[in-house]
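The values are calculated or read from the model by the stated rules, or taken from the named source; none is laboratory data. Everything numeric in this text was worked out from a predicted model, so none of it was measured. Positions of Cβ are backbone-derived with ideal geometry, glycine not excepted, and every protein chain shown enters the neighbour counts. Each accessible area value is taken on the protein alone, full model and side chains, heavy atoms only, with ligands, DNA and RNA left out. Shrake-Rupley method; radii C 1.70, N 1.55, O 1.52, S 1.80 Å.
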Amino acid sequence: MFFLYNLLTIITGYALNIVALFSPKIKLFVEGRKHVFETLQQKITATDKTIWFHSASLGEYEQGLPVMEKIKILYPNHKIVLTFFSPSGYEVRKNAKTADVIVYLPLDTKANAQRFIKLVHPELVFFIKYEFWPNYLNELKKTNASSYLISGFFREKQVFFKWYGGFYRNALKIFSHFFVQYESSKVLLQKIGYNNVTISGDTRYDRVSEILERDNSLPFIEEFKNDKTTVVFGSSWPKDESMFTDYINASISTKFIIAPHTTAPDHINDIKNSITKKTVLFSEKEGKDLSEYDVLIIDTVGILTKIYSYADVAYVGGGFGTAGLHNILEPAAFGVPIIIGPNHQKFPEAVALVHMGGCIAVKDKKEMEEALSSLIQNDDYRWEKGHIADTFVSMNRGAVNIILKNITD
């Protein structure tokens, strides 16, 4: 099985080089990995003490960040090495100050894993939520590193729990402890013989709670909002946008901010051209009286969290397609009532918040428009939904303390 896995990984590597000729995202994936080992050699010496965090993408990074920040305080003499698998994580956070070294994780070949572990030689390792790379885990077995899974989330359909999943089950032996989000994950791990499991919850609740203590002010948003009811459409995809642009065009006395998931110029132009209201782009805002505009399109990244702090209503994208629902906890932490699309069943926090009433799931354009109208026109209804949302975040905090207590005891 190991031979077949390694063969497929090598073949995939060659295939990605070809696909990169036609796909900008895959090109970033491939090009970004070309100088990883050179970077590690330059920034890590044989005598350095290191701690390695790995996240698949941006969402997992946000989950790991509160633990990373605490670990950095507890181990001030260690270098933090942060790896990403996806360009959508690395390209956004490659200059983050939390870690000392930030690189892509090379593909999981035996040679790459051996070279990476030798150069990084970590004492502590944190994998966030998922991504279990057998060669890296196998190389970690040969070291004295303590390895942890944080905010782990397992589903019965995963290969670990199939009759043919022995190869992957064995790879999990490297973990000193599993910190999982839910009881269901603990039960699944126990069924395959892993009892070193603690239900810690999701570290994202701690992360978004910390956001409230930071300076979230954006003067240009204050100018645009101009004390009017404001709806923020965050991380939207084309399918999401097709559900709400007509509503924007027909609205009166409401401000709208659109922060799409993709900020490619062509996509931004498509959104702008679909709107008949007076519209301004973030990149064009200088020298303009933003209070005169009805719609603000954010054609940049990295400020959506702060923008949510100004929202009266938030729509979080991804629920009308297959890309996956984006982070609903950020607007929830600010006490903002949330609307999402129908494809959210794989996101337990969304299912729970819908059940509690702080989030409205809509299945089509008609329901989207009805939900927006109800929240915009009824102040008490909007406040009630928002209060449920921020209470939901507050009652689920504490995962970071559980993790750190176990590690440091």
Against the rule of thumb 2.2 N^0.38 Å, how large the Cα Rg of the stretch 214-395 comes out
0.95
Quick one: compute a quarter of the convex hull surface over the Cα atoms of the chain and quote it in nm².
20.8 nm²
For residue 126, residues with placed amide H under 5 Å, excluding near neighbours:
52, 53, 54, 148
DSSP loop (so not H, G, I, E, B), at most 13 other Cβ within 10 Å: list which trypsin sites (Lys or Arg not before Pro) in the stretch 150-226 pass both filters.
155, 157, 162, 214
Charge-dipole axis of the chain as Lys and Arg at +1 and Asp and Glu at -1 on Cβ define it, positive-most pick from 19, 403, 109
109
Residue by residue through the stretch 330-340, what is 3J(HN,Hα) from phi via Karplus (6.51 cos²θ - 1.76 cosθ + 1.60, θ = phi - 60°)? Round to whole Hz and write x for glycine and proline.
5, x, 4, 4, 8, x, 9, x, 10, 10, 9
Just to confirm, what accessible area per residue do you get for the stretch 1-138 at 1.4 Å probe, in whole Å²?
48 Å²
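Pairs 129/173; 97/306; 239/346; 70/110: which are spaced more than 22 Å apart, C-alpha to C-alpha? Display every interim value, and only then the final one.
On the way: 129/173 16 Å; 97/306 19 Å; 239/346 19 Å; 70/110 32 Å.
Check vs 22 Å cut-off fails for 70/110.
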Directionally averaged shadow of the stretch 95-207, computed from the convex hull of its alpha-carbon atoms, nm²
7.8 nm²
Return one number: the angle in degrees, 0 to 90 and rounded to the nearest 10, between the long axis of the Cα atoms of helix 399-408 and the longest principal axis of the Cα atoms of the chain.
20 degrees
Of the options 66, 133, 368, report the single residue whose Cα projects farthest towards the positive end of the charge dipole of the chain (beta-carbon charges: Lys, Arg +1; Asp, Glu -1).
133
Which residues' amide hydrogens lie under 5 Å from the amide hydrogen of residue 297, considering only partners 5 or more residues apart or on another chain, with H built in the peptide plane?
258, 280, 281, 282
GNM result for the chain, Cα springs below 10 Å: residue of 270, 299, 246 fluctuating most strongly
270
How large, in percent, is the carbon and sulfur part of the accessible surface of the stretch 214-395 at a probe radius of 1.4 Å?
49 percent
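Which GluC sites (Glu not before Pro) in the stretch 236-312 sit in a loop by DSSP (not H, G, I, E or B) and have at most 10 other Cβ atoms within 10 Å of their own Cβ?
Working: sites: 241, 284, 286, 292; in loops: 286.
Hits after loop and neighbour filter: 286.
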Given a 1.4 Å probe and the protein chains all in place, what does the accessible area of residue 356 round to, in Å² to the nearest 10?
80 Å²
Among the listed pairs 49/141; 34/285; 25/49, those beyond 29 Å (Cα-Cα)
34/285; 25/49
Estimated vicinal HN-Hα couplings, Hz - the stretch 293-300 in sequence order (Karplus 6.51, -1.76, 1.60; Gly, Pro = x)
9, 9, 10, 10, 9, 8, 9, 8
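Could you give the size of the charge dipole of the chain about its Cα centre, using +1 on the Cβ of each K and R and -1 on the Cβ of each D and E, expressed in debye and rounded to the nearest 20? Please list the in-between numbers first.
Numbers: 46 positive and 45 negative charges, 402 e Å.
So the dipole magnitude of the chain works out to roughly 1920 debye.
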Translational diffusion of the stretch 136-194, µm² s⁻¹ [Kirkwood Rh, Cα pairs; Stokes-Einstein; 20 °C; 1.002 mPa s]
179 µm²/s
When the convex hull of the Cα atoms of the stretch 252-291 is projected onto a plane and the area is averaged over all directions, what value comes out in nm²?
3.3 nm²
Which whole-Hz couplings ³J(HN,Hα) result when phi for each residue of the stretch 368-376 is put into the Karplus expression 6.51 cos²θ - 1.76 cosθ + 1.60, θ = phi - 60°, listed in order with x for Gly and Pro?
4, 5, 5, 5, 4, 5, 4, 6, 6
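Can you work out the accessible area per residue across the stretch 147-234, with the rest of the protein chains kept in place, probe 1.4 Å, in square angstrom? Intermediate values should be presented prior to the final figure.
Details: 3920 Å² over 88 residues.
Computed with neighbouring chains in place, this is 44 Å² per residue.
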Nearest-ten-degree value, helix 2-19 long axis tilted from longest Cα axis of the chain
40 degrees
With a 1.4 Å probe and every protein chain left in place, work out the accessible area per residue of the stretch 328-381 in Å², rounded to a whole number.
43 Å²
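Relative to the compact-globule scaling 2.2 N^0.38 Å, provide the ratio for the alpha-carbon radius of gyration of the stretch 128-276. Provide the component values of the computation, followed by the final result.
Details: Rg = 22.9 Å, N = 149, 2.2 N^0.38 = 14.7 Å.
Here the Cα radius of gyration is 1.55 times the empirical estimate.
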Compute the angle between helix 238-250 and the longest alpha-carbon principal axis of the chain, please, reported from 0 to 90 degrees and rounded to the nearest 10.
20 degrees
For the pair residue 242 and residue 158, how long in nm is the line joining their label points, each one 7 Å along Cα→Cβ?
3.4 nm
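Quick check: net charge around residue 311, other residues with Cβ under 15 Å of its Cβ, Lys/Arg +1 and Asp/Glu -1?
0
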What accessible area, in Å² to the nearest ten, does a 1.4 Å probe give for residue 320?
20 Å²
So the FRET efficiency between residue 21 and residue 272, C-beta based with R0 = 22 Å and rounded to 0.05, is 0.10
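Tally Lys/Arg at +1 and Asp/Glu at -1 over every other residue whose Cβ is under 13 Å from the Cβ of residue 268; what's the total?
Working: positive: 272; negative: 241, 266, 270, 284, 299.
Net of charged neighbours comes to -4.
For residue 213, what is the net charge nearby, where nearby means another residue's Cβ is under 15 Å from its Cβ and Lys, Arg count +1, Asp, Glu -1?
Details: positive: 70, 207, 214, 306, 397; negative: 69, 206, 210, 215, 330, 390.
Surrounding charge for residue 213 is -1.
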From highest to lowest solvent-accessible area (probe 1.4 Å; ligands, DNA and RNA excluded), 148, 381 read 381, 148
